Amino acid sequence: MPDVIALVGNPRRGSRTATLAAAIAAHAFGGEPVLLDLAETVAIGFGPDAVWPVRARPDARREVESATHLLVATPSYKGTYTGLLKVFLDQFAAGSLAGVIAVPLAIAGSAAHAVTTADDLARLLRELGADVPLTLTAIESELVDADELATRLAGKIVDVVTPASTLSTNSVELPS
């Protein structure tokens with residue numbers, strides 16, 4: 001099972017949210033993170049026709065539960081995280097992400113919406129048992145220079161999630 005997962009709740013496949021999340025996870029945790037893009041792996045439809053995932057991922061829940069580090073990225077939609085992400089995370093029992101260090105990333109048109117969305121997502125991840133040492137936000141206009149943004153946001157993770165936290169995921173050291 002993967003150590004680092006970038007879980008993306010944007011309902012559009014190949015979104016800027018997914019690109020940014022993968023880059024941040026790679027910069028912050030090193031290596032190539034597993035990208036779990038829910039737009040590809042979860043099939044949700046609102047019409048009468050049946051929908052199927054583009055890329056079936058029957059072990060997605062188990063992958064997330066066994067990750068060491070989880071970056072959860074979502075655009076802000078109507079002031080909170082997307083319904084797609086909510087539907088996926090509703091499958092997890094309370095406490096099932098115990099031992100996982102999770103970092104919410106919210107992207108919105110305004111700073112206020114980004115902060116609200118990130119805080120809401122952090123509460124949900126804590127309910128599921130994850131350690132959430134910080135939240136990240138980005139404004140849509142910042143996506144113009146996605147490489148610089150990814151490097152800057154990854155630096156915030158590195159500053160808070162120290163190497164000691166990878167030895168014991170129940171304890172996250174915060175800078176003094």
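The values are calculated or read from the model by the stated rules, or taken from the named source; none is laboratory data. Since the model is a prediction, treat every value here as computed from it, not as a measurement. Please note: Cβ atoms are built from the backbone with ideal geometry, for glycine as well, and neighbour counts cover all protein chains shown.
When the range 56-69 is limited to residues that are in a loop (DSSP other than H, G, I, E, B) and not aliphatic (A, V, I, L, M), the one that is farthest from ARG12 (Cα to Cα) turns out to be THR68. Within the range 21-32, residues that are at positive phi reach partners that are surrounded by fewer than 24 Cβ atoms within 10 Å (Cβ to Cβ) with beta carbons closer than 9 Å, at six or more positions or on different chains, in the pairs GLY30/VAL4; GLY31/ASP3; GLY31/VAL4.
Looking across the range 70-106, the residues that are part of a strand (DSSP E or B) and either surrounded by fewer than 24 Cβ atoms within 10 Å (Cβ to Cβ) or of a type in the set (Ser, Thr, Tyr) (or both) come down to THR74, TYR77, THR80.
Counting the residues of the range 115-145 that are in a helix (DSSP H, G or I) and either crowded, with 21+ Cβ neighbours inside 10 Å or at pLDDT 95 or above (or both) gives 13.
Scanning the range 1-42 for residues that are over 17 Å from VAL87 (Cα atoms) and of a type in the set (Val, Ile, Thr) gives VAL4, ILE5, THR17, THR19, ILE24, VAL34. Taking the range 1-34 as the range and being within 10 Å of the chain's Cα centre (by Cα) and outside any loop (DSSP other than H, G, I, E, B) as the test, the residues that pass are ILE5, ALA6, LEU7, VAL8, THR17, ALA18, ALA21, ALA22, ALA25.
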